[in-house]
1. For segment 39-60, enumerate the residues that are over 19 Å from the mean Cα position of the chain (by Cα) and either β-branched (Val, Ile, Thr) or at pLDDT below 85 (or both).
2. Out of all the residues in segment 62-80, is one or more polar (S, T, N, Q) and over 30 Å from residue 113 (Cβ atoms)?
3. Within segment 26-77, work out how many residues are farther than 26 Å from residue 135 by Cβ, among the small types (Gly, Ala, Ser) and assigned to a strand (DSSP E or B).
4. Hey, does segment 124-132 have a residue that's without any contact (Cβ under 8 Å) to a residue 12 or more places away in the chain, touching a helix residue (DSSP H, G or I) at 6+ places or on another chain (Cβ under 9 Å) and in a helix (DSSP H, G or I)?
5. What residue, of 35, 51, 68, is touching a residue at least 12 places away in the same chain (Cβ under 8 Å), more than 23 Å from residue 137 (Cα to Cα) and buried (at least 16 other Cβ atoms within 10 Å of the Cβ)?
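The values are calculated or read from the model by the stated rules, or taken from the named source; none is laboratory data. The structure presented is a predicted model; accordingly, all values stated were derived computationally and were not measured. Cβ atoms come from the backbone with ideal geometry, glycine included; neighbour counts cover every protein chain shown.
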Amino acid sequence: MSRCGLCHQLLGADVIKSNFQQGIAAQARLSVQAVSVILRGLTGRGLVREVRSENMGRGRPRIILDLVPEAAYSIGIHIDPSLITAVLLDLAGTPVRTEHSTDVDPADPHASMDVAAGLVHQLMDHTDSVRERIVGSALAVPGRVDLESGAISDSVWLPQWNHAPLSEPL
(Lines give C-alpha, C1' and ligand atoms only; values in the text may rest on other atoms or scores of the structure.)
Protein backbone atom coordinates (compact mmCIF):
# COMPACT_ATOMS: atom_id res chain seq x y z
CA MET A 1 0.00 0.00 0.00
CA SER A 2 1.27 3.45 -0.86
CA ARG A 3 0.83 6.95 0.53
CA CYS A 4 -2.14 7.37 -1.81
CA GLY A 5 -3.69 4.19 -0.44
CA LEU A 6 -3.39 5.40 3.14
CA CYS A 7 -4.85 8.80 2.20
CA HIS A 8 -7.75 7.00 0.56
CA GLN A 9 -8.21 4.91 3.68
CA LEU A 10 -8.19 8.01 5.91
CA LEU A 11 -10.76 9.60 3.62
CA GLY A 12 -13.17 6.69 3.98
CA ALA A 13 -12.37 5.73 7.56
CA ASP A 14 -14.71 5.97 10.48
CA VAL A 15 -12.88 8.51 12.67
CA ILE A 16 -13.91 6.81 15.89
CA LYS A 17 -12.86 3.31 14.88
CA SER A 18 -9.84 3.50 12.62
CA ASN A 19 -8.13 6.88 12.21
CA PHE A 20 -5.20 5.88 14.37
CA GLN A 21 -2.06 3.95 13.46
CA GLN A 22 -3.13 0.55 14.77
CA GLY A 23 -6.58 0.82 13.16
CA ILE A 24 -5.10 1.91 9.83
CA ALA A 25 -2.53 -0.89 10.00
CA ALA A 26 -5.24 -3.48 10.67
CA GLN A 27 -7.43 -2.28 7.81
CA ALA A 28 -4.48 -1.98 5.40
CA ARG A 29 -3.02 -5.31 6.53
CA LEU A 30 0.34 -3.66 7.11
CA SER A 31 2.56 -3.57 10.14
CA VAL A 32 2.19 -0.66 12.53
CA GLN A 33 5.82 0.21 11.77
CA ALA A 34 5.16 0.44 8.01
CA VAL A 35 2.09 2.60 8.58
CA SER A 36 4.09 4.77 10.99
CA VAL A 37 6.77 5.43 8.35
CA ILE A 38 4.19 6.27 5.68
CA LEU A 39 2.19 8.51 8.02
CA ARG A 40 5.34 10.30 9.18
CA GLY A 41 6.05 11.18 5.54
CA LEU A 42 2.48 12.32 4.93
CA THR A 43 2.52 14.41 8.12
CA GLY A 44 5.86 15.95 7.09
CA ARG A 45 4.36 16.94 3.74
CA GLY A 46 1.38 18.51 5.51
CA LEU A 47 -1.16 16.05 4.05
CA VAL A 48 -2.12 14.42 7.38
CA ARG A 49 -2.51 16.00 10.81
CA GLU A 50 -2.99 14.82 14.34
CA VAL A 51 -6.50 15.77 15.43
CA ARG A 52 -6.39 14.72 19.07
CA SER A 53 -5.15 12.01 21.37
CA GLU A 54 -7.28 9.55 23.30
CA ASN A 55 -6.13 7.93 26.50
CA MET A 56 -7.16 4.29 26.29
CA GLY A 57 -5.90 3.37 29.76
CA ARG A 58 -2.42 1.96 30.05
CA GLY A 59 0.21 2.70 27.47
CA ARG A 60 0.70 5.42 24.95
CA PRO A 61 -2.40 7.48 24.05
CA ARG A 62 -4.03 6.78 20.69
CA ILE A 63 -3.37 9.61 18.20
CA ILE A 64 -6.37 10.31 15.95
CA LEU A 65 -5.34 11.37 12.43
CA ASP A 66 -7.12 13.10 9.59
CA LEU A 67 -6.39 14.45 6.13
CA VAL A 68 -5.65 18.14 5.65
CA PRO A 69 -8.12 18.90 2.84
CA GLU A 70 -6.49 22.16 1.74
CA ALA A 71 -3.03 20.55 1.48
CA ALA A 72 -3.58 19.25 -2.06
CA TYR A 73 -6.04 19.60 -4.91
CA SER A 74 -7.06 17.78 -8.05
CA ILE A 75 -8.96 18.83 -11.14
CA GLY A 76 -11.66 16.90 -12.95
CA ILE A 77 -12.90 17.78 -16.42
CA HIS A 78 -16.04 16.34 -17.98
CA ILE A 79 -16.75 16.93 -21.66
CA ASP A 80 -19.96 16.02 -23.40
CA PRO A 81 -21.42 17.27 -26.71
CA SER A 82 -23.08 20.30 -25.12
CA LEU A 83 -21.17 21.17 -21.93
CA ILE A 84 -17.67 21.26 -20.48
CA THR A 85 -17.44 21.12 -16.69
CA ALA A 86 -14.24 21.54 -14.72
CA VAL A 87 -14.10 20.99 -10.96
CA LEU A 88 -11.41 21.77 -8.40
CA LEU A 89 -11.47 19.21 -5.57
CA ASP A 90 -9.62 19.32 -2.28
CA LEU A 91 -7.75 16.32 -0.84
CA ALA A 92 -10.94 15.12 0.86
CA GLY A 93 -12.76 15.08 -2.50
CA THR A 94 -14.94 18.08 -1.70
CA PRO A 95 -15.64 20.38 -4.66
CA VAL A 96 -14.04 23.76 -4.02
CA ARG A 97 -14.95 25.50 -7.25
CA THR A 98 -16.72 24.57 -10.49
CA GLU A 99 -16.54 26.19 -13.92
CA HIS A 100 -18.83 25.47 -16.89
CA SER A 101 -18.84 26.32 -20.58
CA THR A 102 -21.24 25.53 -23.39
CA ASP A 103 -18.57 26.35 -26.00
CA VAL A 104 -18.21 22.76 -27.16
CA ASP A 105 -17.63 22.35 -30.87
CA PRO A 106 -18.50 18.76 -31.87
CA ALA A 107 -16.53 19.24 -35.10
CA ASP A 108 -13.40 20.81 -33.55
CA PRO A 109 -11.83 18.98 -30.61
CA HIS A 110 -8.85 21.35 -30.52
CA ALA A 111 -10.98 24.46 -29.98
CA SER A 112 -13.06 22.68 -27.33
CA MET A 113 -9.92 21.48 -25.52
CA ASP A 114 -8.65 25.06 -25.51
CA VAL A 115 -11.90 26.03 -23.78
CA ALA A 116 -11.36 23.22 -21.26
CA ALA A 117 -7.79 24.40 -20.66
CA GLY A 118 -9.14 27.91 -20.03
CA LEU A 119 -11.55 26.53 -17.43
CA VAL A 120 -8.65 24.72 -15.76
CA HIS A 121 -6.69 27.97 -15.58
CA GLN A 122 -9.69 29.70 -14.02
CA LEU A 123 -9.83 26.98 -11.37
CA MET A 124 -6.11 27.19 -10.64
CA ASP A 125 -6.30 30.96 -10.34
CA HIS A 126 -8.95 30.54 -7.61
CA THR A 127 -6.30 31.26 -4.98
CA ASP A 128 -2.61 32.06 -5.26
CA SER A 129 -1.23 28.84 -3.86
CA VAL A 130 -3.60 26.26 -5.41
CA ARG A 131 -1.52 25.89 -8.60
CA GLU A 132 1.47 24.52 -6.67
CA ARG A 133 -0.73 22.04 -4.79
CA ILE A 134 -2.40 20.35 -7.80
CA VAL A 135 -1.50 16.66 -7.49
CA GLY A 136 -3.70 15.09 -10.13
CA SER A 137 -6.24 15.52 -12.87
CA ALA A 138 -8.78 13.46 -14.75
CA LEU A 139 -10.59 13.88 -18.04
CA ALA A 140 -13.94 12.22 -18.77
CA VAL A 141 -15.14 12.09 -22.37
CA PRO A 142 -17.84 10.12 -24.18
CA GLY A 143 -16.13 7.10 -25.64
CA ARG A 144 -13.14 4.88 -25.03
CA VAL A 145 -9.74 6.53 -24.66
CA ASP A 146 -6.54 5.02 -26.00
CA LEU A 147 -4.22 5.36 -23.01
CA GLU A 148 -1.05 5.46 -25.10
CA SER A 149 -2.14 8.28 -27.41
CA GLY A 150 -4.51 10.04 -25.01
CA ALA A 151 -7.14 10.19 -27.76
CA ILE A 152 -10.73 9.00 -28.01
CA SER A 153 -10.77 5.80 -30.01
CA ASP A 154 -14.49 5.45 -30.78
CA SER A 155 -16.93 8.12 -29.68
CA VAL A 156 -20.51 7.87 -30.88
CA TRP A 157 -21.39 11.28 -29.45
CA LEU A 158 -18.29 13.13 -30.70
CA PRO A 159 -17.17 11.21 -33.82
CA GLN A 160 -15.04 14.11 -35.10
CA TRP A 161 -12.97 13.78 -31.92
CA ASN A 162 -11.82 10.24 -32.69
CA HIS A 163 -8.01 10.03 -32.72
CA ALA A 164 -7.57 13.69 -31.68
CA PRO A 165 -5.00 14.04 -28.86
CA LEU A 166 -6.87 15.38 -25.85
CA SER A 167 -4.25 15.52 -23.12
CA GLU A 168 -1.79 17.85 -24.87
CA PRO A 169 -3.74 21.13 -24.40
CA LEU A 170 -4.27 20.39 -20.73
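1. Scanning segment 39-60 gives 50, 51, 52, 53, 54, 55, 56, 57, 58, 59, 60.
2. no
3. Matching residues across segment 26-77 total 1.
4. Yes, there is a match, as at least one residue in segment 124-132 is without any contact (Cβ under 8 Å) to a residue 12 or more places away in the chain, touching a helix residue (DSSP H, G or I) at 6+ places or on another chain (Cβ under 9 Å) and in a helix (DSSP H, G or I).
5. Of 35, 51, 68, the one residue that is touching a residue at least 12 places away in the same chain (Cβ under 8 Å), more than 23 Å from residue 137 (Cα to Cα) and buried (at least 16 other Cβ atoms within 10 Å of the Cβ) is 35.
Here's the yes/no breakdown for (1) among the β-branched types (Val, Ile, Thr); (2) touching a Ser or Thr at 6+ places or on another chain (Cβ under 9 Å); (3) surrounded by 14 or more Cβ atoms within 10 Å (Cβ to Cβ):
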{"position": "134", "(1), (2), (3)": "yes, yes, yes"}
{"position": "141", "(1), (2), (3)": "yes, yes, yes"}
{"position": "144", "(1), (2), (3)": "no, yes, no"}
{"position": "148", "(1), (2), (3)": "no, no, no"}
{"position": "151", "(1), (2), (3)": "no, yes, yes"}
{"position": "156", "(1), (2), (3)": "yes, no, no"}
{"position": "165", "(1), (2), (3)": "no, yes, yes"}
{"position": "168", "(1), (2), (3)": "no, no, no"}
